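Novice: The structure's right below; bear with me while I get my questions together.
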Amino acid sequence: MNVLTNIRGKIVLLIVGVAALPALFFAVFGYMQVEAVIIISGVAGALLGSRIMRPLLKLTESAEKVAEGDLAEAVAFDRLDEVGRLAQAFNKITTDLRFKVDAEQEVICEKTLKK
């Protein structure tokens, strides 16, 4: 929950910051460049948004695979931010779950062989 709160807070700050760019630019340069600033801020927002959303979409796809029973699924991560920590936690969960399922299967096999 803490990781999601941090991500949500950063996204809100990012949106507010990008939304404030046109007003700041207008205050400095006047009307002539406002259109350019709107375009630039839109592009900047899209780029920054995709930097956040792309790893979350990969993580969502992996979670759906695990939900379907593919416990070999793992998320590759190279980030040290909250998204990277979330991916690392996801990988730990799937690894732990895989070990527990394997242990249960061994117990079932042993009980079956004893009969």
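Novice: Return the sequence-ordered ³J(HN,Hα) values of the stretch 91-108 in whole Hz as given by the Karplus equation 6.51 cos²θ - 1.76 cosθ + 1.60 applied to θ = phi - 60°, using x for Gly and Pro.
Specialist: Here the 3J(HN,Hα) series is 4, 5, 4, 5, 5, 4, 5, 4, 5, 5, 5, 4, 5, 5, 5, 5, 4, 5 Hz.
Novice: With each pseudo-label sitting 7 Å past Cα toward Cβ, what's the V43-L56 distance in nm, one decimal?
Specialist: Result for the modelled spin labels: 2.4 nm.
Novice: Something else about it: How much of the accessible area of the stretch 43-115, probe 1.4 Å, is carbon plus sulfur, in whole percent? Could the numbers behind the result be given before it?
Specialist: Working: 3420 of 5590 Å².
Answer for the stretch 43-115: carbon and sulfur cover 61 percent of the accessible area.
Novice: Starting from 0.36 nm per residue, how many nanometres of slack lie between L80 and K100 once their C-alpha separation is accounted for?
Specialist: Result for the pair: 4.4 nm of gain on full extension.
Novice: Which GluC sites (Glu not before Pro) does the stretch 56-115 hold that lie in a coil by DSSP with at most 11 other beta carbons within 10 Å?
Specialist: When the GluC sites (Glu not before Pro) of the stretch 56-115 are filtered for loop state and at most 11 Cβ neighbours within 10 Å, E68 remain.
Novice: Using a 1.4 Å probe, how large is the accessible area of F99, given in Å² and rounded to the nearest 10?
Specialist: The accessible area comes out at roughly 130 Å².
Novice: Related question: Please give the solvent-accessible surface of T112 in Å², to the nearest 10, using a probe radius of 1.4 Å with every protein chain present.
Specialist: Surface open to solvent at T112 totals about 90 Å².
Novice: Within straight cross-link reach of K114, meaning Cα distance under 14 Å, which aspartates and glutamates are found once same-chain residues fewer than 8 apart are removed?
Specialist: Hits, sequence-local ones excluded: E106.
The values are calculated or read from the model by the stated rules, or taken from the named source; none is laboratory data. Bear in mind the structure is a predicted one, so any value in this text is a computation, not a measurement. With ideal geometry, Cβ positions are generated from the backbone for all residues, glycine too; neighbour counts draw on all protein chains shown. Note: areas computed on protein heavy atoms with side chains; ligands, DNA, RNA excluded. Shrake-Rupley method; radii C 1.70, N 1.55, O 1.52, S 1.80 Å.
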